[in-house]
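Remarks on the structure that follows.
Please treat every number below as a calculation from the coordinates, not as lab data. Since the structure is predicted, the reported quantities are computational estimates derived from the model, not experimental observations. For neighbour counting, all protein chains shown are included, and Cβ atoms are generated from backbone atoms with ideal geometry for every residue, glycine included.
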Amino acid sequence: MEKNGKTFRAIQALTNNSEWIWRGDDYANIEWITEGVKAPTEAQIEAKIAEMDSAETAKKEAINAKLAALGLSAEELSTILA
């Protein structure tokens, strides 16, 4: 499992924002600081990442649809807000 922001956010979401330290490159090297945390499996983390990615895609599509209804593109909005 790759250490990156998505993985960290997924672990936080699955463990109710528990405290932990990930030492090294292996998921097995996570040290749980918050007591009583049920560590998620790698499969659970990967599923959560996929869920979060899907939600982000849906959010972007909704934003683009709203912009299109206004006759704007994301690039045009960026220019307006710049």
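Could you calculate the contour length gain from Ala68 to Asn29, that is, 0.36 nm times the residue separation minus the distance between their Cα atoms, to one decimal place in nm?
On the way: separation 39, 0.36 × 39 = 14.04 nm, distance 4.66 nm.
Difference between extended and current length: 9.4 nm.
Among 37-46, 52-61, how do they line up from the highest to the lowest mean number of other beta-carbon atoms within 10 Å? All intermediate terms of the calculation are to be shown ahead of the outcome.
On the way: 37-46: 14.1, 52-61: 10.8.
Peptide ranking by packing, descending: 37-46, 52-61.
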> Which entry is the computed Cα extents along the principal axes in Å for this structure: [x] 51, 27, 23; [y] 51, 23, 21; [z] 66, 42, 26?
Replying inline: [y]
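Relative contact order of the chain, please, whole-number percent, based on alpha carbon pairs below 8 angstrom and at least 6 residues apart. Can you show the working numbers first?
Numbers: 51 pairs, mean separation 19.9, N = 82.
Rounded, it is 24 percent for the chain.
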>> Using only DSSP helix segments of four residues or longer, with each worth -39500 (n - 2.57), what per-residue ellipticity at 222 nm results for the chain after dividing by its residue count and rounding to 500?
In response: -18500 deg cm²/dmol
>> If you only keep lysine pairs separated by 8 or more in sequence, or across chains, how many in the chain come under 20 Å at the Cα atoms?
In response: 9
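Run the dipole for region 5-61 about the Cα centre, Lys and Arg Cβ at +1, Asp and Glu Cβ at -1, nothing else charged, and hand back the magnitude in debye, nearest 20.
Values: 7 positive and 11 negative charges, 38 e Å.
So the magnitude is around 180 debye.
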> Considering the dipole of region 5-81 built from charges on the beta carbon (Lys and Arg +1, Asp and Glu -1) around the Cα centre, which of Ala43, Thr15, Ile63 is farthest to its positive end?
Replying inline: Ile63
>> Using only the alpha-carbon atoms, how far is helix 5-14 inclined from the longest principal axis of the chain? Give it as 0 to 90 degrees, nearest 10.
In response: 70
